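Enquirer: Here it is: the structure, laid out below.
The values are calculated or read from the model by the stated rules, or taken from the named source; none is laboratory data. Bear in mind the structure is a predicted one, so any value in this text is a computation, not a measurement. With ideal geometry, Cβ positions are generated from the backbone for all residues, glycine too; neighbour counts draw on all protein chains shown.
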Amino acid sequence: MRFGLRQASGIPPQGQRDVRDLTRSRTKLVQARVREVQRLQGGLERANITLASVVSDILGVWGRALREALRAGKAAPATMADVAKRRMRATLPLLEPALTGVVRDHHRQVLAMQLAHIDGLDEPIAALNTTMAMALSARSAAAPLSPQPLPRATASSALPLTGAMPLTLTRAVELLETLPGVDQRGAEVLVTEIGSAMARFETAPRLAAWAGVAPGNDASAGKQRAGKTRKGHRALRAMLPPLAHAAVRTKGTYVSALSQRLAARRGQQRAIMAVAHSMMRRVFPMLSRHESSRELGANYCDERRRHSTVDRLTRRIEPLGYRVHLEPVASVA
């Protein structure tokens, strides 16, 4: 440290640390609520009430009305099916078999306690959402100074900022919401954990490595072996796989095509980590240049290797007895 050989560590400002405490507390409460909902669903299935096979959200308006009917003792399948309204009326032939079970007083008592616990978790989550919005607004109005870059940072290694004023947390959340699969809650977690100043990370690969989603480097005797990813930033790394799962479910996007291409030969889990790595590499230029996400499209990789893709597909179809006549067509806007 005396001779400057130790790499400095970036410490976020106090305002960012305060907002980060709110997001981490909300994440823990949401995880506890999800676990309680899973226990609720397991209790219903032990009573032979397979509600999840018919209803996508057992905590919705109709699901809650049904659970109130169960707790009140109206456990007849026909009686509970009559609670369905609007579009749920079309699933009446499936509802009655799914609601045919053996509900005893023990199940009703446990169901009442689980519902009370879920309601008790909803209140602090809603309060944290309100507090989070107020904290982000106050932090943005204060126009905080960006953290100082690391001593090793150079002008060529970091992307320049477009504006003189630093990027506020509220604006950073709005930019990150343009990423596929990233909602407001996910964008708030990313911003509060990473910050809005990218100078201290220097490059996008270093940001991905700091988050713990960069490919591992394991080389020995001139041979490159499969390396594991590092632990990285635990709070951020725990949030990235769910965001990657949401991103791959989008249609016509680059990340969904990337996941399909990698999952075929490397497996679904490694494909998800590759998508998370791609998302973190895209976060760096977005927050550095103050710009929203630009979608590359599902056929981005094929367009980069247009001729090789055409030759490869032609070689595959000609052995099947077909003659391929290539004729370019006008692209559809």
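Enquirer: If you scan the range 280-299, which residues turn out to be part of a helix (DSSP H, G or I), over 22 Å from the mean Cα position of the chain (by Cα) and within 28 Å of A263 (Cβ to Cβ)? Before the answer, list the steps.
Expert: Of the range 280-299, the ones part of a helix (DSSP H, G or I) are 280-289.
Going one step further and asking which of them are over 22 Å from the mean Cα position of the chain (by Cα), we end up with 289.
None - no residue of the range 280-299 is part of a helix (DSSP H, G or I), over 22 Å from the mean Cα position of the chain (by Cα) and within 28 Å of A263 (Cβ to Cβ), so the list stays empty.
Enquirer: What are the residues in the range 245-254 that are assigned to a helix (DSSP H, G or I) and more than 12 Å from M273 (Cβ to Cβ), if any?
Expert: So in the range 245-254, the residues assigned to a helix (DSSP H, G or I) come out as 245-248, 254.
Within the range 245-254, A246, A247, Y254 qualify.
Enquirer: Still on this structure, please answer the following. Scan the range 3-62 residue by residue and report those that are in contact (Cβ under 8 Å) with a residue 12 or more places away in the chain, within 24 Å of D122 (Cα to Cα) and hydroxyl-bearing (S, T, Y).
Expert: Hits for the range 3-62 are T23, S25, T27.
Enquirer: Taking helices (runs of 4 or more DSSP H) that fall entirely within the range 37-108, which contain at least 1 residues that are modelled with pLDDT under 70, in contact with a Lys or Arg (Cβ under 7 Å, 6 or more places away or on another chain) and closer than 23 Å to D119 by Cα?
Expert: Working: elements: 61-71, 77-81, 92-98.
Of the helices (runs of 4 or more DSSP H) lying wholly inside the range 37-108, those with at least 1 residues that are modelled with pLDDT under 70, in contact with a Lys or Arg (Cβ under 7 Å, 6 or more places away or on another chain) and closer than 23 Å to D119 by Cα span 61-71, 77-81.
Enquirer: Can you tell me which of L167, L207, L111, L179 is over 30 Å from N48 (Cα atoms), assigned to a helix (DSSP H, G or I) and either at pLDDT below 85 or in the same structural domain as P285 (by TED's automatic domain parsing) (or both)? Give the steps one after another, and end with the answer.
Expert: Numbers: L167 fails: assigned to a helix (DSSP H, G or I); L111 fails: over 30 Å from N48 (Cα atoms); L179 fails: assigned to a helix (DSSP H, G or I).
Exactly one of L167, L207, L111, L179 is over 30 Å from N48 (Cα atoms), assigned to a helix (DSSP H, G or I) and either at pLDDT below 85 or in the same structural domain as P285 (by TED's automatic domain parsing) (or both), namely L207.
Enquirer: Given the criteria within 15 Å of the chain's Cα centre (by Cα), of a type in the set (A, V, I, L, M, F, W, C), part of a helix (DSSP H, G or I) and over 23 Å from R185 (Cα atoms), does A271 qualify?
Expert: Details: within 15 Å of the chain's Cα centre (by Cα): yes; of a type in the set (A, V, I, L, M, F, W, C): yes; part of a helix (DSSP H, G or I): yes; over 23 Å from R185 (Cα atoms): yes.
The answer is yes for A271.
Enquirer: Take the residues of the range 213-252 that are more than 19 Å from F284 (Cα to Cα) and surrounded by 18 or more Cβ atoms within 10 Å (Cβ to Cβ): which is farthest from the chain's Cα centre (by Cα)?
Expert: Per the stated criteria, the residue is T229.
Enquirer: I need the full set of residues from the range 261-317 which are over 30 Å from R234 (Cα atoms) and polar (S, T, N, Q), in order please.
Expert: N299, S308, T309, T314
Enquirer: Identify, from the list H277, H307, the residue that is more than 19 Å from the chain's Cα centre (by Cα), in a helix (DSSP H, G or I) and not polar (S, T, N, Q). Reasoning before the result, please.
Expert: On the way: H277 fails: more than 19 Å from the chain's Cα centre (by Cα).
Sole residue among the options that is more than 19 Å from the chain's Cα centre (by Cα), in a helix (DSSP H, G or I) and not polar (S, T, N, Q): H307.
Enquirer: Only one of these is modelled with pLDDT under 85, outside the structural domain of V182 (by TED's automatic domain parsing) and assigned to a helix (DSSP H, G or I): R312, R323, R316. Name it. Explain how you work it out, then say what you get.
Expert: Values: R323 fails: assigned to a helix (DSSP H, G or I); R316 fails: modelled with pLDDT under 85.
Of the residues listed, the single one that is modelled with pLDDT under 85, outside the structural domain of V182 (by TED's automatic domain parsing) and assigned to a helix (DSSP H, G or I) is R312.
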